[in-house]
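Values in this text are rule-based calculations from the coordinates and carry no lab data. On a predicted model such as this, the values are computed, not experimentally measured, just so you know. No Cβ is skipped: glycine too gets one built from the backbone with ideal geometry, and neighbour counts run over all protein chains shown.
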Amino acid sequence: MFWFNLHVSNIDHIKTINLKMDKVILYTRVSSEEQSRGYSLRDQKDRLDKYCALKNYTIVKHYEEDHSAKTFDRPQFKKLLEFIKHNKREIDRLLILKWDRFSRNATDALMMLRTFEKLGVMVDAVEQPIDMSIPENKLMLSIFLTAPEVENDRRSMNIRNGLRRAFREG
C-alpha cells in the first residue's frame, strides 16, 4: 500500500489526512448472454474506469458477468469471491456501478455484504454511493437493494398473469 500525508490548512488548525491508494476489483454484470453482446458491459466498465482514475484507485482485476443477480450462484462472482478469500487484505474495495448490478435479492445481498466486510473489503456502488458510517444510510442501502427485487417480483407476477389470461382466452 502507498501512503501519503496531506496537510490541509484550516483557519483554526491543521489536519493531517492519510490518503491510501486503494486496490479495487471491478464487477460488471448483465442478466443474459444476449445482453452481453450490447453496450452495457462496456459502458459499466468505462464508467468504473473513470471513477478509479478520479479517485486514484489501482484496479487489480475486473470480473464481467452475464447471469441473473437473483442469487450469487454466478460463475464470475464465485471466482471474484475466491480471489478475495485467497488474497486477504490485498483488496480494499469491490466497485459496481449500481446496487442492482450486485444483487436483486435484498436478503442475500445483505449477507454477502457482511461476508465482504469480514474479508476487509468495502463494496461501493459508484452511481449510488452510501456512507455507511452514518447509521441512517442503512435505510437507503435497504431501498437500493430491495427495489430491484421488487421489480423482478412485479415482472414475474405480470408474466404469470399474462400467461393465465392467454391460456383462458385460448
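Before moving on, here are some points about what is shown:
- For Met122, residues with placed amide H under 5 Å, excluding near neighbours: Arg93, Leu94
- Separation of the Glu169 and Phe83 label points, Cα + 7 Å toward Cβ, nm: 4.8
- Between amide H atoms placed 1.01 Å from N, distances below 5 Å from His62 occur with Leu26, all of them 5 or more places distant or on a separate chain.
- Label zone at Lys118, where the point sits 7 Å out along the Cα-to-Cβ direction: the stretch 64-95 residues whose backbone N lies under 16 Å: 81-89
- Long-range HN-HN contacts of Met21 with modeled amide H, under 5 Å: Phe2
- Length available on full extension from Ile59 to Asp131: 0.36 nm per residue minus the Cα-Cα distance, which gives 23.8 nm.
- Summarising the label geometry, the points placed 7 Å from Cα in the beta-carbon direction at Gln76 and Leu110 lie 2.8 nm from one another.
- Unsatisfied cross-links (Cα-Cα over 22 Å) in the set Lys61/Lys85; Lys23/Lys85; Lys50/Lys78; Lys118/Lys138; Lys23/Lys98; Lys79/Lys138: Lys50/Lys78; Lys79/Lys138
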